[in-house]
1. Consider only pairs whose beta carbons are under 8 Å apart and that are at least six residues apart or on different chains; among these, list those whose first residue lies in segment 53-75 and is within 18 Å of G129 (Cβ to Cβ) and more than 7 Å from the ligand (Cβ to nearest atom) and whose second residue is basic (K, R) and outside any strand (DSSP E or B).
2. How about segment 80-113: which of its residues are on the phi > 0 side of the Ramachandran plot and more than 13 Å from the ligand (Cβ to nearest atom)?
3. Which pairs do you get when a residue that is more than 21 Å from N130 (Cβ to Cβ), found in segment 77-95, comes within reach of a residue that is surrounded by fewer than 20 Cβ atoms within 10 Å (Cβ to Cβ) and of a type in the set (F, W, Y), reach meaning Cβ atoms under 8 angstrom, with the pair 6+ apart or on two chains?
4. Tell me whether segment 24-35 contains one or more residues that are touching an Asp or Glu at 6+ places or on another chain (Cβ under 8 Å), surrounded by fewer than 16 Cβ atoms within 10 Å (Cβ to Cβ) and β-branched (V, I, T).
5. Consider segment 11-39. How many of its residues are in a helix (DSSP H, G or I) and either in contact with a Lys or Arg (Cβ under 6 Å, 6 or more places away or on another chain) or among the small types (G, A, S) (or both)?
6. Of these, D62, D80, D120, which one is surrounded by fewer than 17 Cβ atoms within 10 Å (Cβ to Cβ), within 13 Å of the chain's Cα centre (by Cα) and farther than 16 Å from T15 by Cα?
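Every read-out reported here was derived from the displayed coordinates using simple, explicitly stated rules and does not represent laboratory data. As the structure is a prediction and not an experimental result, all values here were calculated from the model. We place every Cβ from the backbone using ideal geometry, glycine too, and count neighbours over all the protein chains shown.
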Amino acid sequence: MATNRTFTMIKPDATQENHIGGILSMIEEGGFRIVSLKKVLLTPERAGQFYEVHKERPFYQDLVKYMSSGPIVAAILEKDNAVADFRTLIGATNPAQAAEGTIRKKYAKSIEANAVHGSDSDENAQIEGNFFFTADEQF
Ligand code: GDP
């Protein structure tokens, strides 16, 4: 079921370089309403749980280490067609291939430290949002 919601994280490279405000501005200017928002330091265990689906990929250990290397900002976002439109707003995983005007084009440093996460399906958006926010925090 389409929920018109997606989930994002501002990743450690971007929070450490003071890009939280700039990225949230691009998100709001892109037409998304911020439903839920918090800054969190993930333990390696929590980061590993979040990226469990990537467990078999060669970069999994590096990704877990990176995602627990500094605070992240987690958010649930709302807009018509949220999942697909947010993937368009963030741009390609590899910033070298990200289109002009995208968040990753502006802020990402590498294929790993790529500034933001965006859910890839409605189902994952719901799972990922619930990973960080209780029902009474999603309004
Ligand atoms: P996304 O949906 O665009 O975030 O990309 P993926 O789901 O394919 O990968 C999840 C995250 O893993 C990416 O956002 C990157 O932070 C990281 N990642 C993806 N590909 C690579 C890679 O080849 N090397 C490394 N070190 N990290 C990667």
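1. M67/K11; I72/K11
2. Answer for segment 80-113, where residues must be on the phi > 0 side of the Ramachandran plot and more than 13 Å from the ligand (Cβ to nearest atom): N81, G101.
3. Here the result reads none, with nothing in segment 77-95 linked to a residue that is surrounded by fewer than 20 Cβ atoms within 10 Å (Cβ to Cβ) and of a type in the set (F, W, Y).
4. In the first step, residues of segment 24-35 are kept if they are touching an Asp or Glu at 6+ places or on another chain (Cβ under 8 Å); the result is 30-35.
Within this subset, residues satisfying the condition of being surrounded by fewer than 16 Cβ atoms within 10 Å (Cβ to Cβ) are 31, 33-34.
Subset that is β-branched (V, I, T): 34.
Scanning segment 24-35 turns up at least one residue that is touching an Asp or Glu at 6+ places or on another chain (Cβ under 8 Å), surrounded by fewer than 16 Cβ atoms within 10 Å (Cβ to Cβ) and β-branched (V, I, T).
5. Going through segment 11-39 one residue at a time, the tally reaches 5.
6. Details: D62 fails: within 13 Å of the chain's Cα centre (by Cα); D80 fails: within 13 Å of the chain's Cα centre (by Cα).
Answer to the selection: D120.
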